[in-house]
Every structure is written in structure tokens, then in C-alpha cells.
Amino acid sequence: MLVSNECIMSTAAAAGYGVGAFNINNLETLMAIEEAAVEEKSPVIVAITPSAIRYGGLDYLASIVKVAAKRISVPVSLHLDHGKDLETITRCLKAGFTSVMIDASHLEYKENVAMTKAAVSLAHKSGASVEAELGVLAGIEEDLVKEGDVVLTDPHLAEEFVKRTKVDALAIAIGTSHGAYKYKGDPMLDFERLKAIRKQTDVLLVLHGASNVPLWVIERATKYGAELAGAKGIREDHIQRAISLGISKINIDTDLRLAFTGAVRQVLATSPKQFDPRKILGPAKEAMKEVAQMKMRLFGSSGKVVAKEMNA
Ligand code: G3H
Ligand code: 13P
Ligand code: ZN
């Protein structure tokens with residue numbers, strides 16, 4: 001069943017668990033997430049970026065998510081991830097997205113407010129919810145911490161931003177970053193900042209760049225030739241602490257990509273005569289499904305879809 005992020009997240013926030021937003025750009029990744037959500041009885045957010053749209057086509061990607069949402073009875077949201085302009089937001093709303101992110105965090109504060117307000121007005125007319133971003137995602141490198149609140153989200157500004165834009169969800173910067181190389185030193189998140197943000201505003205909170213870069217996934221990929229020296233992600237206990245402090249949507253892309261890569265490499269390296277795409281991509285789907293299921297358990301969303309909803 002297709003619902004908005006706001007619906008999934010507010011239920012999660014009230015019950016104190018988190019929900020994974022998993023990026024897709026092809027059928028196998030969607031199938032992995034769909035199967036994981038059904039087996040875990042977990043709500044799920046399917047996230048599609050503008051570059052995924054350029055790769056797979058808006059109509060194709062939106063259609064397969066709608067098909068998946070129709071045939072399973074766990075709540076599914078079709079979400080635009082990191083939308084950068086109102087034109088993309090409009091296209092996605094027309095295509096039936098139930099949630100959109102306007103990421104104007106790279107702009108001046110005033111322009112971020114203005115663009116977010118405009119996105120909220122467009123999306124709310126279509127019954128979709130809106131996520132915006134304040135702050136810049138980056139690892140907490142020592143020099144940045146010393147410089148002060150240059151890139152991490154300012155709690156007072158967050159409060160003002162939410163009041164002015166009426167956004168439903170806010171992505172905050174507390175030390176995560178996108179990709180597989182999040183830290184040079186010890187992984188850390190600014191939990192005090194998260195607490196302060198939670199105190200200032202009751203908007204739904206989102207953590208981008210939340211992949212863990214699991215060792216077993218890295219080991220498998222490197223065993224079969226991947227070069228990933230220095231890859232490091234967010235600690236699992238840090239994610240759980242962030243959820244306990246108010247994060248209710250956790251964005252995962254890198255861990256799925258790494259699992260995909262390791263599985264494909266393994267098939268190609270161990271079965272050189274294999275050339276059936278299904279025999280190459282099937283194990284990749286299974287590997288991504290395993291990762292998605294582990295996330296659902298970690299975030300506490302497993303088992304949260306009750307029998308009544310499952311039979312709906
Ligand atoms: O922020 C989301 C992604 O990890 C980057 O995705 O390569 O599809 O833009 P993309
Ligand atoms: P990761 O790169 O940590 O998986 O983050 C993905 C993300 O934030 C997508 O919006
Ligand atoms: Zn992101």
C-alpha cells in the first residue's frame with residue numbers, strides 16, 4: 001500500500017523506532033527491498049534520486065514502485081531523494097510520488113527557506129509530504145568542529161526553518177556523510193546537537209549518509225577484487241542511539257551498492273562460464289535483501305506492521 005513518508009515516519013516517531021529509506025535505480029534493488037519489507041513485516045521508504053531518474057527513467061522507476069506497493073500490504077512510500085529544483089519536484093508529484101525532498105541546503109539560508117516553502121506549497125496540494133535539509137553533510141573532521149557550527153545543523157536555525165517553511169521532515173547534519181568513506185579517524189556523531197535540535201522542534205528528523213559499511217560486505221567484495229581501502233561507515237550502536245534521540249528516517253544507499261558489488265564480483269570470479277544476467281544479478285538481489293533485512297531489525301521497524309494491515 002502506497003502512503004506518504006509523513007504517515008510512515010510519524011507512526012515510527014510515536015513508537016520510537018526508525019524506518020529505512022533505501023535508494024533504488026533498478027528492478028533488482030526494488031525487489032530486494034520489497035521482499036525484505038514483506039519478510040520483516042516492516043514499513044519501507046523507496047528513495048529515488050534525480051540521477052537514478054536520469055538512469056532509469058521517471059516513468060519506469062515510479063511504475064515499478066507502484067506495482068510493488070500494490071501487491072504488498074506493508075506501507076510503502078515513493079520518495080524523491082535530494083530533489084534540487086521545483087521542476088523535478090513537479091514531475092515527481094505528477095508521477096505519483098507520495099513524498100519529495102527539496103535539498104536546497106547548498107544555497108544561502110534565505111534561498112533554502114524560499115525554495116523549501118515553494119516545494120511545500122506544491123507537494124501539500126498533491127497530498128505529498130516534504131523533507132528539506134539544513135546544514136551540510138560532512139564527517140566531523142576535527143578542524144570543522146573547531147571552526148564551530150559552519151556545516152552542522154544549528155538547532156535554533158532548525159526551529160526557525162521549520163516554522164517558516166512548514167516542512168514535514170528535516171534532514172540534519174550531525175556528522176554523517178554520503179558514500180563509503182565517512183571517517184578518517186574514529187566514527188563519531190554529534191549527539192548533543194541532535195538532542196538540542198530535538199528540543200527546539202518536533203519536526204520529523206532524517207539521517208542521511210547513514211550506511212554502516214559492514215566489514216563482512218567489504219571483505220566479500222575485496223576478496224573478489226574490489227578496491228575499498230579506508231572504507232568506513234556509521235557504527236550500528238550510533239544509529240540506534242540516534243533513533244532513540246529522535247531520528248525516524250535513516251537513508252541507506254552505499255551498503256546496498258557494496259552488497260551488490262560483492263555478490264556480482266563473486267559470481268563473475270567463481271563462475272566464469274556464467275553469462276545469464278539472472279544468475280549474476282539474482283545473488284546480488286539476495287545480498288541486498290540480506291542487508292535491508294538487517295537494517296530493518298537494527299532500526300526497530302521489523303514486525304511493526306500488524307496483521308490487520310498485512311491482510312488489508
Ligand atoms: O544521496 C544519495 C545517494 O547515495 C547518491 O545517489 O548517485 O543516485 O545521486 P546518486
Ligand atoms: P549512504 O551513502 O550512507 O548510504 O547515504 C545514502 C543517503 O543519504 C541517500 O540520501
Ligand atoms: Zn542523502
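For the stretch 44-64, which residues satisfy the criterion of being under 18 Å from the mean Cα position of the chain (by Cα) and either within 16 Å of ligand 3 (Cβ to nearest atom) or among the charged types (D, E, K, R) (or both)? Let's see the steps before the verdict.
Start the filter on the stretch 44-64 by keeping residues that are under 18 Å from the mean Cα position of the chain (by Cα), which leaves 44-53, 61-62.
Correct list: Ile45, Val46, Ala47, Ile48, Thr49, Pro50, Ser51, Ala52, Ile53.
Output the helices (runs of 4 or more DSSP H) that fall wholly within the stretch 228-312 and possess 3 or more residues being of a type in the set (Gly, Ala, Ser) and in contact (Cβ under 8 Å) with a residue 24 or more places away in the chain, or say none.
On the way: elements: 236-244, 254-270, 277-299, 307-311.
Answer list for the stretch 228-312: 254-270, 277-299.
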Residue in the stretch 212-219 that is β-branched (Val, Ile, Thr) and either within 16 Å of ligand 1 (Cβ to nearest atom) or touching a helix residue (DSSP H, G or I) at 6+ places or on another chain (Cβ under 6 Å) (or both) present: yes
Inter-residue pairs, beta-carbon under 6 Å, first within 12 Å of Val65 (Cβ to Cβ) and in the stretch 32-53, second open to solvent by 10 Å² or more (accessible area, probe 1.4 Å) and within 16 Å of ligand 3 (Cβ to nearest atom), 6+ apart: Ala47/Asn23; Ala52/Asn25
The stretch 49-104: number of residues that are open to solvent by 10 Å² or more (accessible area, probe 1.4 Å), within 16 Å of ligand 2 (Cβ to nearest atom), assigned to a loop (DSSP other than H, G, I, E, B) and more than 20 Å from Ile250 (Cβ to Cβ): 1
Within the stretch 261-300, considering residues that are surrounded by fewer than 16 Cβ atoms within 10 Å (Cβ to Cβ) and basic (Lys, Arg), the one nearest to the chain's Cα centre (by Cα): Arg297
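The values are calculated or read from the model by the stated rules, or taken from the named source; none is laboratory data. Remember, predicted model here, so these are calculated numbers, not experimental data. Note that each Cβ is placed from the backbone with ideal geometry, even for glycine, and that neighbours are counted across all protein chains shown. With ligands, DNA and RNA removed, areas are computed over all heavy atoms of the protein, side chains included. Shrake-Rupley method; radii C 1.70, N 1.55, O 1.52, S 1.80 Å.
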